[in-house]
Amino acid sequence: MKHESLFILGRQPAIGRAELESLLGTKHVEPVGDSAMASDLAPDTVPFDRIGSSIRLAKPLTMIPTTKWPQITRAAAEQLTELLDYLPAEGKLKLGLSSYGLPVTAGHLFQAGLEFKKVCKAQNRSVRIVPSTDLTLNSAQVLYNKLTKELGIELLFIKCDGQTYLAQTIAIQDIDAYARRDQGRPKRNSFVGMLPPKLAQTIVNLATGPLEPNPENTILDPFCGTGVILQEASLMDYSAYGTDLEKRMIDYTRTNLEWLSTHGVNATPILEVGDATSHQWQHPFSVVASETYLGHPLTNWPRPEKLREIIGTCNVIIQKFLANITTQIPAGTRLCLAVPAWQSPSGHITHLPVLDQIEVLGYNRVSFSWANGQNMIYRRPEQLVARELLVITRK
């Protein structure tokens with residue numbers, strides 16, 4: 001495969017690989033080391049702003065046939081010399097460096113930055129090196145230093161087997177846009193969970209696969225809560241269909257989707273009060289994308305009997321939902337569900353028992369070539385309740 005684009009994956013690489021494979025197609029992507037995916041699709045054809053689990057989009061520059069830092073920096077200096085010819089002749093440049101998987105330190109990157117500064121000076125270019133104490137710049141550093149703009153450069157060094165991929169970042173996750181959609185929504189509720197918009201994007205992408213985003217394709221969220229998944233689906237140009245057990249959540253979702261007009265989207269969702277374990281969905285839908293019931297929020301690890309009670313409640317609800325909806329959808333219908341998993345202080349993960357009964361309930365797990373579909377767990381370090389992404393199809 002000829003590599004036209006590179007994606008730097010987020011904190012859960014398995015989820016990022018599955019999302020890209022689902023959205024772009026298996027034949028168009030392949031792994032590059034542990035932290036990246038490559039694609040034969042041109043960067044300007046990739047809908048990067050709707051991809052939730054990749055933090056950077058980059059263009060490949062060259063493959064350096066070594067992982068030894070001195071040789072890498074020499075090859076990168078040559079590439080930088082060529083890059084400077086394509087940048088505006090006037091104005092101070094900003095240069096950032098990020099390394100993935102290589103046996104280097106932040107000190108190595110700092111020294112490389114000084115060498116690259118000499119390269120720029122030799123061409124009568126003024127440059128500021130973006131400082132960092134880490135091996136990778138965070139999204140804010142790339143965004144606020146404008147490293148994807150015409151006077152900015154972020155060079156990426158990505159270990160790939162015994163070689164090093166050198167790439168240039170051309171797009172970064174827009175953390176400000178995510179914050180506006182998350183914190184700016186008029187209705188929020190911490191008890192039902194604060195689903196991050198970028199994770200909602202990923203759930204929609206895993207549910208839809210290559211399904212074209214247009215209003216003729218409808219996303220059903222049977223546990224819609226405050227409507228985050230339907231919000232992101234609407235922004236992608238899908239139609240939204242949501243149900244929830246509580247009328248208050250339906251009202252919240254309606255208010256939040258009306259608020260999308262501030263983002264230029266006039267959503268016209270179908271919203272109904274309904275218990276997902278017994279509801280009859282009367283309107284057609286294409287796929288199911290949902291964060292299901294995650295159980296009681298936890299601030300401390302519970303006693304064993306309390307944990308068994310929480311798991312049992314979640315398991316019954318999700319099992320009943322799957323049994324209910326399987327009679328209402330045709331074969332091949334795809335679902336992506338965020339279901340709870342619990343990680344103990346020792347690191348042990350407890351999964352829902354119903355996940356072992358998926359085939360009995362009438363579903364097949366979707367298999368991915370580049371990701372383990374049974375290892376897609378989204379969890380921040382401090383969280384006790386994780387979200388496990390289950391991607392299945394109706395038999």
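The values are calculated or read from the model by the stated rules, or taken from the named source; none is laboratory data. Quick caveat: nothing in here was measured; it's all calculated off a predicted structure. Every residue, glycine as well, gets a Cβ built from its backbone with ideal geometry; the counts of neighbours run over all protein chains shown. Note: areas computed on protein heavy atoms with side chains; ligands, DNA, RNA excluded. Shrake-Rupley method; radii C 1.70, N 1.55, O 1.52, S 1.80 Å.
Using the Cα gyration tensor of the stretch 266-310, with a ≥ b ≥ c the square roots of its eigenvalues, what is the shape: rounded (a/c below 1.5), prolate (a/b larger than b/c) or oblate (neither)? Don't skip to the answer; put the middle values down first.
Numbers: a/c = 3.60, a/b = 2.46, b/c = 1.46.
Prolate shape, in that a/c is at least 1.5 and a/b is the bigger ratio.
Please list, by residue number, every one of the GluC sites (Glu not before Pro) in the stretch 27-103 that is coil in DSSP and has at most 15 other beta-carbon atoms within 10 Å. Mind dumping the intermediate values first?
Details: sites: GLU78, GLU82, GLU90; in loops: GLU90.
Listed in order of number, the matching sites are GLU90.
Taking square-rooted eigenvalues a ≥ b ≥ c of the alpha carbon gyration tensor, is the stretch 166-235 rounded, prolate or oblate, where a/c under 1.5 means rounded and, failing that, a/b exceeding b/c means prolate?
Working: a/c = 2.15, a/b = 1.17, b/c = 1.84.
The shape class here is oblate.
Contour minus end-to-end for ASP134 and VAL265, with contour as 0.36 nm per residue of separation and end-to-end as the Cα-Cα distance?
On the way: separation 131, 0.36 × 131 = 47.16 nm, distance 3.85 nm.
Computed gain between ASP134 and VAL265 is 43.3 nm.
Near the amide H of CYS160, under 5 Å away, which other amide H atoms are found, from residues 5 or more places off or on another chain, if H is placed in the peptide plane?
TYR165
Taking the Cα centre of the chain as origin, work out the dipole magnitude from +1 charges on Lys and Arg Cβ and -1 charges on Asp and Glu Cβ, in debye rounded to 20.
Working: 39 positive and 38 negative charges, 188 e Å.
In total the dipole reaches around 900 debye.
In the stretch 139-245, if the dipole is taken from +1 on Lys/Arg beta carbons and -1 on Asp/Glu beta carbons about the Cα centre, which of VAL204, GLN231, ILE153 is farthest to the positive end?
The one lying farthest along the dipole's positive direction is ILE153.
Which loop GluC sites (Glu not before Pro) in the stretch 107-165, with loop taken from DSSP, have no more than 13 other Cβ atoms within 10 angstrom of their Cβ?
Numbers: sites: GLU115, GLU150, GLU154; in loops: GLU150.
Those satisfying the criteria are GLU150.
What is the antiparallel percent of DSSP beta bridges lying wholly in the chain, to the nearest 5?
On the way: 42 of 66 bridges.
The antiparallel fraction comes to roughly 65 percent.
Ignoring ligands and nucleic acids, what accessible area does ASP40 show with a 1.4 Å probe (Å², nearest 10)?
Surface accessible to solvent at ASP40 totals approximately 60 Å².
Give the label of the value calculated from the structure for Rg/Rh (Cα atoms, Kirkwood Rh), choosing from (1) 1.01; (2) 0.94; (3) 1.15.
Recomputing Rg/Rh (Cα atoms, Kirkwood Rh) here gives the entry labelled (1).
With a ≥ b ≥ c the root eigenvalues of the C-alpha gyration tensor of the stretch 49-149, is it rounded (a/c under 1.5), prolate (a/b larger than b/c) or oblate? Write down the numbers at each step before the final one.
On the way: a/c = 1.44, a/b = 1.09, b/c = 1.33.
The shape class here is rounded.
How large is ³J(HN,Hα) for each residue in the stretch 215-223, as worked out from phi by the Karplus curve 6.51 cos²θ - 1.76 cosθ + 1.60 (θ = phi - 60°), to whole Hz, x for Gly and Pro?
So the Karplus estimates, Gly and Pro as x, are x, 6, 9, 10, 9, 9, 10, x, 10 Hz.
With a probe of 1.4 Å, find how much accessible area the chain has per residue, and write the answer as a whole number in Å².
Numbers: 17640 Å² over 395 residues.
Here the per-residue accessible area is 45 Å².
Could you check how much of the accessible area of the chain is carbon and sulfur, as a whole percent, using a 1.4 Å probe? Let's see the in-between values first.
Values: 8860 of 17640 Å².
Percent of accessible area from carbon and sulfur atoms in the chain: 50.
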